[in-house]
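A.B. asks: Here's a structure for you.
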Ligand SMILES: Cc1cc2nc3c(=O)[nH]c(=O)nc-3n(C[C@H](O)[C@H](O)[C@H](O)COP(=O)(O)O)c2cc1C
């Protein structure tokens, strides 16, 4: 017997964290991202329309209600991927940012990634990471915990962390702080980013860039947790030694943005080579 679903879908959005002015934007569902020509992100973080993206009115869902969906995200993506010539397909990079002071570099990292041809970029941020950068400086779609709960109103709605793990070809966690490192090593998933990681398809690359104070880095649990992530098949972009923001000098600083981007470029290039075979 089919369980009856409530006719009135619950308004989960009202329960979620209130947004700052910079964060207020039209929420863009991943399938909107994917359904537009070239899978453009469609809107800027400030809600303004990207001329290359889908126009208002082209949305597949009504955000106020629970329009029954007949097409799943995968169904939209599959024909698009299959039909498009390899050269036109974009490689989708999801950047996960956590609450390290190195998240100050997130705007620079995102801009540098966008400099790689053929790349589509989106960001998932933890609440703590938000403290270190301005939303206005991130020129791609940015998702956080509230989006996960605002998106899901009834059974036919998609689950954001699952949509994102399907959408992304590469997950880049930069910076990865000690807290999220510990969670990932033990399988904890209590926010949007850790849910994406927990649901990650391990046949796709996951890069992580640890960033923490030297004392944290040198604690014996860190090496164990980093080793655990590597055992999952994740790729470490090692931290570097320098004078840290807290004044200490030593290992623990996130790898330079240039090194991170070089690693992503290498993976994209390998991917493109495989596509051509
Ligand atoms: C100013 C400031 C800087 C911080 N920098 C770091 C850091 O570089 N690395 C780290 O592991 N934790 C750092 N923390 C602590 C994390 O923000 C804290 O563990 C937080 O709970 C992480 O949450 P998240 O993993 O959900 O983002 C910092 C905290 C503050 C207040």
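Read-outs: derived from the displayed coordinates by stated rules, not from any lab. The model shown is predicted, which means the values in this text are computed figures rather than measured ones. Cβ: placed from backbone, ideal geometry, glycine included. Neighbour counts: every protein chain shown.
A.B. asks: Sort 138-144, 198-204 for me by packing, meaning the mean count of neighbouring Cβ atoms within 10 Å per residue, highest on top.
C.D. replies: 138-144, 198-204
A.B. asks: Using 1/(1 + (r/R0)^6) with R0 = 22 angstrom and r between the beta carbons of residue 188 and residue 215, what's the FRET efficiency to the nearest 0.05?
C.D. replies: 0.45
A.B. asks: Distance in nm between label sites at residue 235 and residue 90, each 7 Å beyond Cα in the beta-carbon direction?
C.D. replies: 2.1
A.B. asks: Beyond 19 Å, what share of the Cα-Cα pairs of the stretch 185-277 is found? Please give it as a whole percent.
C.D. replies: Of all Cα-Cα distances in the stretch 185-277, 52 percent exceed 19 Å.
A.B. asks: Express as a percent, rounded to the nearest 5, the fraction of DSSP beta bridges in the stretch 84-240 (both residues included) that run antiparallel.
C.D. replies: Of those bridges, close to 0 percent are antiparallel.
A.B. asks: Give me the extension gain from residue 111 to residue 134: residue separation times 0.36 nm, minus the current Cα-Cα distance, reported in nm with one decimal.
C.D. replies: So the chain would gain 6.9 nm between residue 111 and residue 134.
A.B. asks: Ok, one more. Calculate, for residue 249 and residue 224, the FRET efficiency according to 1/(1 + (r/R0)^6) with r their C-beta to C-beta distance and R0 22 Å; round to the nearest 0.05.
C.D. replies: FRET efficiency, residue 249 to residue 224: 0.35.
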